[in-house]
1. May I ask for the net charge around PRO65, where only other residues with Cβ less than 12 Å from the Cβ of PRO65 are counted and Lys, Arg are +1 while Asp, Glu are -1?
2. With +1 on each Lys and Arg Cβ and -1 on each Asp and Glu Cβ, and nothing else charged, work out how big the dipole of the chain is about its Cα centre, in Debye to the nearest 20.
3. Checking the table LYS16/LYS39; LYS16/LYS88; LYS2/LYS30; LYS12/LYS44; LYS39/LYS62 against a 19 Å threshold on Cα-Cα, which pairs fail?
4. Principal axis extents for the range 1-104, Cα atoms only, whole Å, descending order, please.
5. What order do you get for 147-154, 54-61, 65-72, 121-128 when each peptide is scored by the mean count of other beta carbon atoms within 10 Å, highest first?
6. Taking the Cβ of ALA144 as the centre, find all other residues whose Cβ is under 14 Å away and add up their charges (Lys, Arg: +1; Asp, Glu: -1).
7. Only helical DSSP H runs with n ≥ 4 go in: add -39500 (n - 2.57) per run for the chain, normalise by residue count and round the 222 nm mean residue ellipticity to 500 deg cm²/dmol.
8. Of all beta bridges DSSP finds with both residues in the chain, what is the antiparallel percent, to the nearest 5?
Amino acid sequence: MKLIIGLGNPGKTYEKTRHNAGAMLVAYLKDSFEGGEYKLFTLKTFMNDSGVEVRELMHYYKLSPQDIIIAHDDLDIPLGSFKIQHAKGPHGHNGILSVEQELKSDDFLRIRIGIENRDSENKIAGVEYTLQNFTPEERTVLEAVFKEIMHALTD
């Protein structure tokens with residue numbers, strides 16, 4: 001069994017923000033992936049405390065870090081792109097840092113969902129940008145990325 005865990009912040013306020021791209025991916029995958037080999041989760045904790053709940057899920061299902069797949073937003077990757085990587089380190093992502101600290105390991109798979117779409121001349125701060133909602137156009141791009149990720153996970 002593998003756990004696919006989407007990082008984000010709980011509540012309606014954050015539901016459609018760029019920081020919730022991981023949780024949005026899990027919602028997208030639910031119908032296709034739930035059951036069998038995978039269990040899908042979105043966390044009830046805030047991004048910076050994600051590791052506590054990930055650790056609890058891992059222990060509850062008696063799994064190891066290698067059985068964990070973490071989906072999250074990534075400002076280092078342009079919107080419309082993604083990377084699936086193993087043991088890549090947090091690179092400034094506090095949710096991933098929290099997971100690594102709680103699991104005492106970076107030995108898990110990461111689905112890094114690109115959200116970078118800022119205007120290069122009037123670039124707003126990353127913290128502010130990630131907590132803004134995706135625009136309708138960005139959501140269309142994101143759905144196409146989610147479809148690609150689904151295919152990548154099943155190949």
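Read-outs: derived from the displayed coordinates by stated rules, not from any lab. Note that the coordinates shown come from a computational prediction; the quantities given were computed from them, not determined experimentally. In this analysis, Cβ positions are derived from the backbone assuming ideal geometry, glycine residues included, and neighbour counts consider all displayed protein chains.
1. Details: positive: LYS2, ARG55, LYS104, ARG110; negative: ASP67, GLU100, GLU102, ASP106, ASP107.
After counting each charged neighbour, the total is -1.
2. Values: 18 positive and 24 negative charges, 52 e Å.
Here the size comes out at about 260 debye.
3. On the way: LYS16/LYS39 22 Å; LYS16/LYS88 26 Å; LYS2/LYS30 14 Å; LYS12/LYS44 12 Å; LYS39/LYS62 13 Å.
With Cα atoms farther than 19 Å apart: LYS16/LYS39; LYS16/LYS88.
4. For the range 1-104, the Cα spread along each principal axis is 34, 31, 26 Å.
5. Working: 147-154: 12.9, 54-61: 15.6, 65-72: 21.1, 121-128: 8.9.
Ranking the peptides 147-154, 54-61, 65-72, 121-128 by packing returns 65-72, 54-61, 147-154, 121-128.
6. My count for the surroundings of ALA144 gives -2.
7. Values: 5 runs with 58 residues, N = 155.
The helix-only estimate for the chain comes to -11500 deg cm²/dmol at 222 nm.
8. Values: 7 of 23 bridges.
Antiparallel: roughly 30 percent of the beta bridges in the chain.
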